[in-house]
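As structure tokens, the structure follows; a few thoughts come after it.
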Amino acid sequence: EKRANFSSPVCTTATNKVMSTNSDNQPWAWLGLLKWSLSYADGTNSSDTPPAPMSDEKRAFLEAVMKDGIINEGERLRDILTDLTTALQSRRNGSHVSSCDTVGADMEELLEELRDIVEQIDYARGFVGMGGIPFLLGCAGERDAVPVGVRSASLVVLATLAQNNPPVQSVLLTEHDALTTLTSLYEAEEGGVGNEVDGFRGRVVQALSCTVRGIDAAEEAFSRNRKCVGVIESGLGVGGGSSPPDVIKKRSLFLLRALVCADGSTAARLSRYQSCIQKIIDFVDVSKETNLDIRETSLQLLLQILQQKKRVNDILDCKDLIAGTGVSRVATIRKLPPGDEKELLQVELELWESLIVELARGQRDEQREVENLSSERPLMLMGRPENDSGETLPQ
């Protein structure tokens, strides 16, 4: 039986050719691309061709699979994508019931299984070669016909593809302008209400995070993009208004910490997140932030900024406020009787103690720069004075 080679240059080149013929503004082009790719990779003439009768050889193979529990993930990947394209095609045509009876929650289950498969790097790159990225972005962006849960599940698959996978991240950034697409998806849902909408926006932040983290140039491009920085500001609640849901706040905080504490981060990058850092100071106060995970992550972020010493004035400007909050919180936790609550708050206690020490040691940026310049002055080697006979020189 002939099987597709996901990594073959023929498949990738042919897919790119189809992508070039589809206008970016053509509705549902992403779905047609994937259908074509599946047909091409399978070697069939048309997706509408009726299936041929099953041969004895194929029947025996399937019986062996059922008996031994063997799953061919490459074949399963194609089956999932075929079911998804059929279901989405029916929704495009105005019917909410597909020929394979795959709707709503069933589509989400298929996407969850797809995520599990593309966690393997070979299948991830093969999926990209089949035109999987425009399919996922297009599905996530189809607000009218595709349920929010399915759109969110598409973003989960996209994040899985990109995470710690530089070749896929490069394709997302250079060939599909993922930063623009994803920030637009986030902005389109601002003002929406409901757990599903909040979950979708949280998934957008997750997809952005997986797309840029670990690549210096991508992290810098993100930080220089005002709309991208605006997504983090919105996710943290910068600017007032109602506090964002925890699911968005956590993912925005995680991405912020990855960007400002990265090895390639600079004082200039931190300056672009000044308003975010000031907002984080509110998150360490238990009277303003009740979520323990958010408080701990915020404390870790402030502590790392002080330890890395790239730009600390934004924190030291609020030194008295932070220290006062910390001393009060440390005293409260220490007074708790032994038990589960005190044990649960142990990490927060240790982070506060470390942060208070760093605040006490902290030097403002300008003071540290002066000291660094002083210590880095080159040693000038001068000749001996005219009246020095050289008798005191070491032999």
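The values are calculated or read from the model by the stated rules, or taken from the named source; none is laboratory data. Being a predicted model, the structure only gives us computed values, none of them experimental. As a convention, Cβ positions derive from the backbone with ideal geometry for all residues, glycine included, and neighbour counts pool all protein chains shown. Heads up: the accessible areas ignore ligands, DNA and RNA and are worked out on the full protein's heavy atoms, side chains in. Shrake-Rupley method; radii C 1.70, N 1.55, O 1.52, S 1.80 Å.
Counting only helices (runs of 4 or more DSSP H) that sit wholly inside the stretch 289-335, those with at least 2 residues that are at pLDDT 95 or above, closer than 18 Å to Glu348 by Cβ and among the hydrophobic types (A, V, I, L, M, F, W, C) are 292-308, 319-335.
With respect to (1) at pLDDT 95 or above; (2) surrounded by fewer than 17 Cβ atoms within 10 Å (Cβ to Cβ), the lone exception for Arg364 is condition (1).
Would it be correct to say that Val212 is in contact with an Asp or Glu (Cβ under 6 Å, 6 or more places away or on another chain), open to solvent by 30 Å² or more (accessible area, probe 1.4 Å) and touching a residue at least 40 places away in the same chain (Cβ under 8 Å)? Considered against the rule, which asks whether it is in contact with an Asp or Glu (Cβ under 6 Å, 6 or more places away or on another chain), open to solvent by 30 Å² or more (accessible area, probe 1.4 Å) and touching a residue at least 40 places away in the same chain (Cβ under 8 Å), Val212 comes out as no. Within the stretch 107-137, the set of residues being outside any helix (DSSP H, G or I) and surrounded by 23 or more Cβ atoms within 10 Å (Cβ to Cβ) comprises Met130, Gly131. Say whether the condition of being within 18 Å of Ile322 (Cβ to Cβ), modelled with pLDDT of 60 or more and surrounded by fewer than 12 Cβ atoms within 10 Å (Cβ to Cβ) is met by at least one residue in the stretch 370-379. So far as the stretch 370-379 goes, no, none of its residues is within 18 Å of Ile322 (Cβ to Cβ), modelled with pLDDT of 60 or more and surrounded by fewer than 12 Cβ atoms within 10 Å (Cβ to Cβ). Of all residues assigned to the stretch 185-205, none qualifies as being farther than 18 Å from Ile248 by Cα, modelled with pLDDT of 85 or more and not charged (D, E, K, R).
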